[in-house]
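Asks: Below you'll find the structure I mean.
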Amino acid sequence: GLHIVDSRAARSKQPDRSLRKLVATSPHAVWLLLLTSRVVQAWFQRQGVPAIVTGTCGEGIKLPAIDADFRAAGVHAGHVLLRSKHRRIAYFVPPSPNEGVLRFQAGLRAALSAEQRTAADLCHWGADRFAVDRYADRCA
């Protein structure tokens, strides 16, 4: 059967001990790594634990993956915004973006950089739930 685990280890910058304990106490035929960092993906790769990344693999990660082309999606989004005559664009990203977010962001920046008059800002929302409101007030 399917067993879903939401582990703090998946969000840790040093997940070794937590992942070792998790895998030892919850043996599975394969782990699906959803929204995991490169650090977590690298741990599974180094340990030889069977895993599939459901998302974008980090740099140098050779695990099998089910992915979308997030860079192309970012380029497309940028072109849609430009065609719609938007010239001041804010893109809100989490404080520790995963590989898919980083690639989308790179595609968006590439599309928007072609248009000299476009001001694109990145806003990290972090733990502060009012950051988006403050940013919107500043741009108004």
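The values are calculated or read from the model by the stated rules, or taken from the named source; none is laboratory data. Small disclaimer: the values here were computed from a predicted structure and weren't measured. In this analysis, Cβ positions are derived from the backbone assuming ideal geometry, glycine residues included, and neighbour counts consider all displayed protein chains. Ligands, DNA and RNA are stripped out before the accessible areas are found, and what is left, the full protein with its side chains, is counted by its heavy atoms. Shrake-Rupley method; radii C 1.70, N 1.55, O 1.52, S 1.80 Å.
Asks: Out of the residues in the range 95-107 meeting the condition of being in contact with a His (Cβ under 9 Å, 6 or more places away or on another chain) and open to solvent by less than 70 Å² (accessible area, probe 1.4 Å), tell me which one is modelled with the lowest pLDDT.
Replies: Pro97
Asks: I'm checking my understanding of the structure. Among residues of the range 76-94 that are over 13 Å from Glu115 (Cβ atoms) and at pLDDT 80 or above, which one is least open to solvent (accessible area, probe 1.4 Å)?
Replies: Step one: list which residues in the range 76-94 are over 13 Å from Glu115 (Cβ atoms), which gives 76-77, 90-94.
Those still in the list that are at pLDDT 80 or above too: 76-77.
Details: His76: 114, Ala77: 28 Å².
Checked the range 76-94; the qualifying residue least open to solvent (accessible area, probe 1.4 Å) is Ala77.
Asks: Are any residues in the range 34-60 within 20 Å of Val101 (Cβ to Cβ) and surrounded by fewer than 20 Cβ atoms within 10 Å (Cβ to Cβ), and if so, which ones?
Replies: Leu34, Leu35, Ser37, Arg38, Val39, Ala42, Ile52, Thr54, Gly58, Glu59, Gly60
Asks: To continue, here is another question. Sort through Phe70, Phe92 and tell me the only one that's touching a Lys or Arg at 6+ places or on another chain (Cβ under 7 Å) and within 30 Å of Asp137 (Cα to Cα).
Replies: Numbers: Phe92 fails: touching a Lys or Arg at 6+ places or on another chain (Cβ under 7 Å).
Matching residue, one of Phe70, Phe92: Phe70.
Asks: From the set of residues in the range 12-31 that are surrounded by 15 or more Cβ atoms within 10 Å (Cβ to Cβ) and closer than 25 Å to Pro95 by Cα, which is modelled with the highest pLDDT?
Replies: In the first step, residues of the range 12-31 are kept if they are surrounded by 15 or more Cβ atoms within 10 Å (Cβ to Cβ); the result is 12, 15, 18-19, 22-23, 31.
With closer than 25 Å to Pro95 by Cα added as a condition, the list becomes 12, 15, 18-19.
Details: Ser12: 71, Pro15: 85, Ser18: 87, Leu19: 90.
The residue in question is Leu19.
Asks: Regarding Thr25, is this residue touching a residue at least 24 places away in the same chain (Cβ under 8 Å) and not aromatic (Phe, Trp, Tyr)? Outline the logic, then answer.
Replies: Details: touching a residue at least 24 places away in the same chain (Cβ under 8 Å): no; not aromatic (Phe, Trp, Tyr): yes.
In short, no.
Asks: Of all the residues that make up the range 29-57, how many are closer than 17 Å to Asp16 by Cα and in contact with a Lys or Arg (Cβ under 7 Å, 6 or more places away or on another chain)?
Replies: Let us first name the residues in the range 29-57 that are closer than 17 Å to Asp16 by Cα, namely 31, 33, 36-51.
Adding the requirement that they be in contact with a Lys or Arg (Cβ under 7 Å, 6 or more places away or on another chain) leaves 39, 45.
Of the residues in that region, 2 qualify.
Asks: Among (1) assigned to a loop (DSSP other than H, G, I, E, B); (2) farther than 17 Å from Leu35 by Cβ; (3) not acidic (Asp, Glu), which single condition is Ala72 missing?
Replies: (1)
Asks: Still on this structure, I have one more. Might you let me know whether the range 10-25 holds any residue that is closer than 30 Å to Asp133 by Cβ and in a loop (DSSP other than H, G, I, E, B)? Steps first, please.
Replies: The initial filter retains those residues of the range 10-25 that are closer than 30 Å to Asp133 by Cβ, namely 10-13.
Pick out the ones that are also in a loop (DSSP other than H, G, I, E, B) and you get 12-13.
The answer is yes, given that some residue of the range 10-25 is closer than 30 Å to Asp133 by Cβ and in a loop (DSSP other than H, G, I, E, B).
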